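The values are calculated or read from the model by the stated rules, or taken from the named source; none is laboratory data. Keep in mind it's a predicted model, so treat the numbers as computed, not measured. Note: ideal-geometry Cβ built from the backbone for every residue, glycine included; neighbour counts use all protein chains shown.
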Amino acid sequence: MSAPPRRAGRIGSSLLFGLLAVYLLLPIIAVLLYSLATVWRARILPDAFTLDHYVRVFNDPRILGAFGRSFLLASIVTCIDILIVVPAAYWARIRNPRITPLLALGAAIPFALPYVVIAFGIDRLIGEFVPSIQNTLAVLIVAQAAIAFPFFYWAVDGSMAAAGIERLSEAAETCGARPRQIVRRIVFPAIRMGVVTGSVLVFAVSFGEFALAQVLVGSAFETLPLWQADAMLQTTGRFNDLAVTTVLSFVLLFLLAVVLVTWNRGQTVRLLPGATTQKEGRA
Amino acid sequence: MWLPAVPLLLLIAVALVLPALSLVIGSVTEDGQLTLDGWVRVLTRRGDQTAILTSLALATVVATIATLVGTPVAWLLSRMLPVGRATWLALLTVGGNFGGIGLAFAYFAVLGTVGMVTLALQSLGVDFLPPRPSSFEGLVLVYLYTNVPLFVLLTMPAMGALRDEWWEAAQVASATRWQFWRRVGIPVLTPFIVAGWLLIFTWSIGIYGLAYALAGAGAATPTQLITLRIGVILKSDVTETWRANVLAVILMGIAIVSLVTYRAILRRGLRWVT
């Protein structure tokens, strides 16, 4: 608002943001300290600091394996979503608008339904019709690609709308460009940002996903969240190892978030899904 | 022509639509016979009733607190200078995406028996016992960590619906700040705020991994939630699968109702945006 804020309002908002900052940062700081602490039992801060836990984690084949599997899984799922969502979204916009409501409806499913319900449904369906592929990695990959696709679809479709992809493609066609040229020279540059944003979101979803991994494959393909959950349920203190793995996945997440925000120049990535903004020409 | 969209449509059908249908059918059949037996047995059993009510209560409390805290934050952020806003957005994005097992562990690091805040307060001589992670209050505290940032990120763009010119117009008409908010500000923003509440409600009720990690860790009687019951049955009790099936369909029903309401409300709100 252009009116000068009242003093009470200013104090109130500083207080609000101060508390919010504490609330958001405290867990991060606590986990970081735990990953570096030697003994921390009685005082506000740890008795001393060490990098031993990091060394131990990096030499633990089980944790390293889990980390690697999560990374691999998230990469594959991201690639699949890029390969199948981009053509569908593009085609829905330039050729066959009847596809759009189907995609919107499909995107609403994992958005609303809990992952544990979807996992259960998939498991049930497979058990009934193709029990031979139960508990395989392929099922988990397909399932994760399905639950993560809306994030990618919204990002890419939004960037297509912002770029006015229909008119761009039409103009290119009128100028006699071949389909491959259009896709390479026009479409990809125009939606690059949407693809990057979407990929980051899909990767993050897949990397931290727990319900599908637990229900569909379980310990046969131990991802990082599965290992973490297991370590938390054991009463013997793997506290510091948990702290280290949390910090590491956190650093990964943070780097991705930084990439996102810088690419979008301070704009939010998410909008209330289903809402179209003024920027999008076709609302 | 449909060809370029076929892989994605297939994926949606096989991994999302058919599993949901399979659950619905499974909840009303037994050995190929149509029956509502499972529903009756779930709805009349004390443990399942508790789980359903607790899930609803938890999601309501979380969504309400997230709305009360998130609305002023979203409003102030939407009027902030871009430099400050970018920093806050980065922080909120991290918070909003920091969920699951890692967050459960963070709770122990902050408020566990040897957590940072617990130790700090106790060393100051305060007789402080943190809420158990598997208790209702514990779950609310942890759920809020992701849901307040999510609420802010979701509703902040909508705050632009309230245009600065309207406040100027109100001032020209010598309206007070309070009158402006009551007659213009709140009516315009309400649909978006309610929509945000509904999303947080829907997501909170479906959280599984986080609750699993918190409830499992050292609790004799963890808070009963629908998602946790489904998980426990799937993991350990094959004979009770029908029960999990009915509970899953109940979750689906709740999700569908809130999503339909969400869309209707959002459509109302968008009248002012375009």
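Looking only at region A:17-39, which residues are at pLDDT below 90 and either of a type in the set (Phe, Trp, Tyr) or closer than 26 Å to B:Asp164 by Cβ (or both)?
A:Tyr34
In region A:94-197, which helices (runs of 4 or more DSSP H) lie fully inside it and hold 3 or more residues that are touching a Pro at 6+ places or on another chain (Cβ under 8 Å)? It would help to see each step written out before you state the result.
Working: elements: A:99-112, A:115-129, A:137-163, A:165-174.
Qualifying helices (runs of 4 or more DSSP H): A:99-112, A:115-129, A:137-163.
Consider B:Ala173 carefully, then state whether it is small (Gly, Ala, Ser), more than 30 Å from A:Ala243 (Cβ to Cβ), out of contact with any His (no Cβ under 6 Å at 6 or more places or on another chain) and at pLDDT 85 or above. Full working, then the answer.
Working: small (Gly, Ala, Ser): yes; more than 30 Å from A:Ala243 (Cβ to Cβ): yes; out of contact with any His (no Cβ under 6 Å at 6 or more places or on another chain): yes; at pLDDT 85 or above: yes.
Spelling it out, B:Ala173 is indeed small (Gly, Ala, Ser), more than 30 Å from A:Ala243 (Cβ to Cβ), out of contact with any His (no Cβ under 6 Å at 6 or more places or on another chain) and at pLDDT 85 or above.
For every residue, the table says whether it meets (1) modelled with pLDDT of 90 or more; (2) more than 22 Å from the chain's Cα centre (by Cα); (3) facing chain B (nearest Cβ under 10 Å).
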| residue | (1), (2), (3) |
| --- | --- |
| A:Phe111 | no, no, yes |
| A:Val116 | yes, no, yes |
| A:Arg124 | yes, yes, yes |
| A:Val130 | yes, yes, no |
| A:Tyr153 | yes, no, yes |
| A:Ala163 | no, yes, no |
| A:Glu173 | no, yes, no |
| A:Gly194 | no, no, no |
| A:Val202 | yes, no, no |
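Please specify each residue of region B:134-165 satisfying the condition of being exposed (fewer than 15 other Cβ atoms within 10 Å of the Cβ) and without any contact (Cβ under 8 Å) to a residue 60 or more places away in the chain.
Of everything in region B:134-165, those that are exposed (fewer than 15 other Cβ atoms within 10 Å of the Cβ) and without any contact (Cβ under 8 Å) to a residue 60 or more places away in the chain turn out to be B:Glu137, B:Arg163, B:Asp164, B:Glu165.
Which of the residues spanning region B:4-28 are of a type outside the set (A, V, I, L, M, F, W, C) and over 27 Å from B:Thr54 (Cα atoms)? Break it down into steps so the answer makes sense when it comes.
Let us first name the residues in region B:4-28 that are of a type outside the set (A, V, I, L, M, F, W, C), namely B:4, B:7, B:19, B:22, B:26-27.
The answer is B:Pro4, B:Pro7.
Which members of region A:214-243 meet the condition of being among the aliphatic types (A, V, I, L, M) and farther than 26 Å from A:Ala30 by Cβ?
First, the residues of region A:214-243 that are among the aliphatic types (A, V, I, L, M): A:215-217, A:220, A:224, A:226, A:229, A:231-233, A:242-243.
Correct list: A:Val215, A:Leu216, A:Val217, A:Ala220.
Filtering region A:8-37 down to residues that are more than 8 Å from chain B (Cβ to nearest Cβ) and among the polar types (S, T, N, Q), which residue is surrounded by the fewest Cβ atoms within 10 Å (Cβ to Cβ)?
Residue satisfying both the conditions and the ranking: A:Ser14.
Any residue at all in region B:119-133 that's assigned to a helix (DSSP H, G or I), facing another protein chain (nearest Cβ under 9 Å), crowded, with 19+ Cβ neighbours inside 10 Å and of a type in the set (A, V, I, L, M)?
yes
Within the bounds of region A:75-98, is there any residue that is among the basic types (Lys, Arg), within 14 Å of chain B (Cβ to nearest Cβ), within 30 Å of B:Val110 (Cα to Cα) and without any contact (Cβ under 8 Å) to a residue 40 or more places away in the chain? Even if it seems obvious, please write down each step before you answer.
Step one: filter region A:75-98 for residues among the basic types (Lys, Arg), giving A:93, A:95, A:98.
Imposing the further condition that a residue be within 14 Å of chain B (Cβ to nearest Cβ) reduces the set to A:93, A:95, A:98.
From the residues that got through so far, the ones that are within 30 Å of B:Val110 (Cα to Cα) too are none.
No, every residue in region A:75-98 fails to be among the basic types (Lys, Arg), within 14 Å of chain B (Cβ to nearest Cβ), within 30 Å of B:Val110 (Cα to Cα) and without any contact (Cβ under 8 Å) to a residue 40 or more places away in the chain.
For A:Tyr90, which of the numbered conditions (1) over 19 Å from B:Tyr208 (Cβ atoms); (2) touching a Phe, Trp or Tyr at 6+ places or on another chain (Cβ under 8 Å); (3) surrounded by 19 or more Cβ atoms within 10 Å (Cβ to Cβ) fails to hold?
In the conditions (1) over 19 Å from B:Tyr208 (Cβ atoms); (2) touching a Phe, Trp or Tyr at 6+ places or on another chain (Cβ under 8 Å); (3) surrounded by 19 or more Cβ atoms within 10 Å (Cβ to Cβ), A:Tyr90 misses (2) alone.
Take the conditions within 22 Å of A:Val116 (Cα to Cα), surrounded by fewer than 24 Cβ atoms within 10 Å (Cβ to Cβ), facing another protein chain (nearest Cβ under 10 Å) and modelled with pLDDT under 90 and apply them to A:Leu233. Does it pass?
On the way: within 22 Å of A:Val116 (Cα to Cα): yes; surrounded by fewer than 24 Cβ atoms within 10 Å (Cβ to Cβ): yes; facing another protein chain (nearest Cβ under 10 Å): yes; modelled with pLDDT under 90: yes.
The answer is yes for A:Leu233.
Here are the criteria: (1) surrounded by 14 or more Cβ atoms within 10 Å (Cβ to Cβ); (2) touching a residue at least 12 places away in the same chain (Cβ under 8 Å); (3) within 30 Å of B:Ala158 (Cβ to Cβ); (4) not aliphatic (A, V, I, L, M). Tell me which single one B:Trp88 does not satisfy.
Tallying (1) surrounded by 14 or more Cβ atoms within 10 Å (Cβ to Cβ); (2) touching a residue at least 12 places away in the same chain (Cβ under 8 Å); (3) within 30 Å of B:Ala158 (Cβ to Cβ); (4) not aliphatic (A, V, I, L, M), B:Trp88 fails exactly one: (2).
If you check A:Leu137, A:Leu102, which single one turns out to be more than 7 Å from chain B (Cβ to nearest Cβ) and surrounded by fewer than 24 Cβ atoms within 10 Å (Cβ to Cβ)? Walk me through it before giving the result.
Details: A:Leu102 fails: more than 7 Å from chain B (Cβ to nearest Cβ).
Unique residue meeting the criteria: A:Leu137.
Out of the residues in region B:1-48 that are within 7 Å of chain A (Cβ to nearest Cβ) and over 18 Å from A:Ile122 (Cβ atoms), state the one that is nearest to the chain's Cα centre (by Cα).
By that ranking, first place goes to B:Ala5.
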